[in-house]
Amino acid sequence: EVQLVESGGGLVQAGGSLRLSCAASGFTFDDYAIGWFRQAPGKEREGVSCISSNDGSTYYANSVKGRFTISSDNAKNTVYLQMNSLKPEDTAVYYCAATRAPCTVVAGLYPPGRKYHYWGQGTQVTVSS
């Protein structure tokens, strides 16, 4: 069974940090890129970051550059999103997803998340002011 399971969300104050995890199973992890997305109530889904498991190349949305860092532990089939200097506008449900396309390609598709094959259930991140 293909599964992506997010964890690590929670409630933090502005300026704080969280580390999200995405644990993958049921598919060949090294053949996929893993992306992080977020969606706040009443807003469109937004692509946050992406990492290609084979070469480690990464993508970041302009809104999180310099604050978020994506990384991959291929031996554990897990991708992490380290989120620092959190802002209230970062509040959203965060999802991880898997695609066979390169990060550089899927990052430019609309709507965000197009061409991703598998999705997790999401984890809530709330940043208070």
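The values are calculated or read from the model by the stated rules, or taken from the named source; none is laboratory data. Fair warning: this is a prediction, and the values are worked out from it, not measured in the lab. All Cβ positions, glycine included, derive from the backbone under ideal geometry; neighbour counts span all protein chains shown. SASA here: full protein model, heavy atoms, side chains in, ligands and nucleic acids out. Shrake-Rupley method; radii C 1.70, N 1.55, O 1.52, S 1.80 Å.
Using the 1.4 Å probe convention, the accessible area of the range 1-66 works out to 52 Å² per residue with neighbouring protein chains retained. Modelled spin labels at Gln121 and Asp30, positioned 7 Å past Cα toward Cβ, are 3.0 nm from each other. Phi angles across the range 67-76 convert, under the Karplus curve 6.51 cos²θ - 1.76 cosθ + 1.60 with θ = phi - 60°, into 3J(HN,Hα) values of 10, 10, 9, 9, 8, 9, 10, 5, 5, 9 Hz, Gly and Pro given as x. For the chain, the square roots a ≥ b ≥ c of the C-alpha gyration tensor eigenvalues yield an a/c of 1.5 or more together with a/b exceeding b/c, which makes the shape prolate. Taking the helices alone, the chain has a mean residue ellipticity at 222 nm of -500 deg cm²/dmol, built from -39,500 (n - 2.57) per DSSP H run of at least 4 residues and averaged over all its residues.
Stretching the chain fully between Leu109 and Asp55 yields a gain of 17.3 nm (0.36 nm per residue, less the alpha carbon separation). Spin-label model, Lys87 to Arg45: label points 7 Å out along the Cα-to-beta-carbon direction sit 2.3 nm apart. Sequentially through the range 9-20, phi angles give Karplus couplings (6.51, -1.76, 1.60; θ = phi - 60°) of x, x, 10, 9, 7, 3, x, x, 9, 9, 10, 8 Hz, Gly and Pro residues having no value and appearing as x.
Stretching Arg100 away from Ser129 to a fully extended chain increases their span by 6.6 nm, per 0.36 nm per residue minus the current alpha-carbon distance.
Here the range 1-65 is assigned +1 on the Cβ of each Lys and Arg and -1 on the Cβ of each Asp and Glu. Its dipole about the Cα centre then comes out at about 380 debye. Using C-alpha pairs under 8 Å with a sequence gap of at least 6, the mean separation divided by the residue count of the chain gives a relative contact order of 35 percent.
In this structure, the amide hydrogen of Gly122, modeled 1.01 Å from its nitrogen in the peptide plane, lies closer than 5 angstrom to those of Glu6, Cys96, counting only residues at least 5 positions away or on a different chain.
Local charge for Val105 was computed over the other residues whose Cβ lies under 11 Å away, with Lys and Arg +1 and Asp and Glu -1, and equals +3.
Taken about its Cα centre, the chain carries a charge dipole of about 280 debye when Lys and Arg each add +1 at the Cβ and Asp and Glu each add -1 at the Cβ. The phi-based Karplus calculation (6.51 cos²θ - 1.76 cosθ + 1.60; θ = phi - 60°) puts the 3J(HN,Hα) values of the range 51-64 at 9, 8, 5, 6, 10, x, 5, 10, 9, 9, 5, 4, 5, 10 Hz, whole numbers, x for Gly and Pro.
Rounded, prolate or oblate: which fits the range 1-55 when a ≥ b ≥ c are the square roots of the eigenvalues of the alpha-carbon gyration tensor, with rounded for a/c under 1.5 and prolate only if a/b beats b/c? Prolate, because a/c is 1.5 or more and a/b exceeds b/c.
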